[in-house]
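*Asks:* Attaching a single structure in structure tokens format; questions to follow.
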Amino acid sequence: MRIIVEDRIKQYSPGLQIGLIRANVVNSETSEQLWEELQTACQRISDSYELSWINKRPAIAATRELYKRCGKDPNRYRVSSEALCRRIVKGLGIYRINTLVDLINLVSIGSGYAIGGFDADKISGDSVTLGIGEADELFEGIGRGLLNVDGLPLYRDELGGIGSPTSDVERTKITLETTKLQMQINAFGEEMPLRDTIEWSVDLLEKYANAKNFEIEIF
């Protein structure tokens, strides 16, 4: 699997790095041990940030700046890691979904990065391209219905959009039947070192999802 970055994204985000993790996995309902890890991380966020501070986290701030350069209002279309942290600080908590999704959320709130999580078997082709969404481009966000992706940084496979730092798409979403994961860590500006974030993700995937046959690259 290759990740191709279009020139406009390179221009708007010259420090961009993307961490790619692919692995065979066993998904399941979230265990109590993983949920406790996630709740501990939520408590750290709640103890460390006021609401107005969240968008100043380096990884979130850099992604918001990219949105502005692409022509999207980051206050209307929240970066996913920012949206998670805002829920936590507001005392709303986060949803319990399944092992893979909750594991990705754990890494996202801890690192500050927006992370795409996909069922790799539902991605069409051997590459995905990061570009900018266009007007009238159909994109059904997970649990959000049709999302206006005009001006959003957007990953596409051969069939169209699969994800953005705001939301991934229903077509390639992770379910309990997912057996191959594709995880994309979007480091538009570095907060936690990307290699450390990848290592943490791999450790969690091995521990909770019996992950094997890893493919790991940084683009």
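*Asks:* With the cut-off at 1.5 for a/c, could you classify the chain from its C-alpha gyration tensor as rounded, prolate or oblate?
*Replies:* The shape class here is rounded.
*Asks:* Which of the aspartates and glutamates could a cross-linker bridge to Lys122, judged by Cα under 19 Å and excluding same-chain residues fewer than eight apart?
*Replies:* Glu140, Asp157, Glu158, Asp168, Glu170, Glu177, Glu215
*Asks:* Something else: Could you tell me the largest-minus-smallest coordinate of the C-alpha atoms of region 21-99 on each of the three principal axes, in descending order and whole angstroms?
*Replies:* 39, 32, 19
*Asks:* Further question on the same structure: By how many nm would the segment from Ser31 to Ile218 lengthen if fully extended, with 0.36 nm per residue of separation less the alpha-carbon distance?
*Replies:* 64.4 nm
*Asks:* Kindly report the accessible area of the chain per residue (heavy atoms of protein chains, probe 1.4 Å, no ligands, DNA or RNA), in Å².
*Replies:* 45 Å²
*Asks:* Right, here's the next one. What nm distance separates the two modelled labels at Glu6 and Asp150, each placed 7 Å from Cα along Cα→Cβ?
*Replies:* The modelled label-to-label distance comes out at 1.5 nm.
*Asks:* Please compute the volume of the convex hull spanned by the alpha-carbon atoms of region 132-219 and report it per residue in Å³.
*Replies:* Output value, Cα hull per residue: 128 Å³.
*Asks:* Another question, if that's okay. Would you kindly calculate the mean projected area, averaged across all directions, of the convex hull enclosing the Cα atoms of region 80-137, in square nanometres?
*Replies:* 5.9 nm²
*Asks:* Quick one: pull the percentage of alpha-carbon pairs in region 69-171 with a separation above 18 Å.
*Replies:* 49 percent
*Asks:* Evaluate the distance, in nm, between pseudo-label points positioned 7 Å from the Cα of Arg96 and of Arg76 along their respective Cα→Cβ axes.
*Replies:* If labels sit at Arg96 and Arg76, their model points lie 3.6 nm apart.
*Asks:* Cut-off 18 Å, label point 7 angstrom out along Cα-to-Cβ of Trp200: give me the residues of region 114-135 whose amide nitrogen falls inside.
*Replies:* Backbone N within reach: 114-117.
*Asks:* Something else about it: Regarding region 40-81, what's the average projected area of the Cα-atom convex hull, expressed in nm²?
*Replies:* Directional mean of the projected Cα hull area for region 40-81 stands at 3.1 nm².
*Asks:* If you don't mind, there's one more thing I want to ask. For region 1-43 and region 145-164, write down the distance between their C-alpha centroids in whole Å.
*Replies:* When both Cα centres are located, 17 Å separates them.
*Asks:* Considering only Cα-Cα distances, which of the following residue pairs are longer than 24 Å: Lys56/Lys180; Lys72/Lys180; Lys173/Lys212?
*Replies:* Distance filter (> 24 Å) returns Lys56/Lys180; Lys72/Lys180.
*Asks:* Now for a separate question. For region 2-54, what is Rg from Cα atoms divided by 2.2 N^0.38 Å, rounded to two decimals?
*Replies:* 1.78
The values are calculated or read from the model by the stated rules, or taken from the named source; none is laboratory data. Keep in mind the model is a prediction, meaning the values are calculated, not measured. A quick note on method: Cβ atoms are made from the backbone with ideal geometry, for glycine too, and the neighbour counts reach across all protein chains shown. The area values use the complete protein model at the heavy-atom level, side chains included, leaving out ligands, DNA and RNA. Shrake-Rupley method; radii C 1.70, N 1.55, O 1.52, S 1.80 Å.
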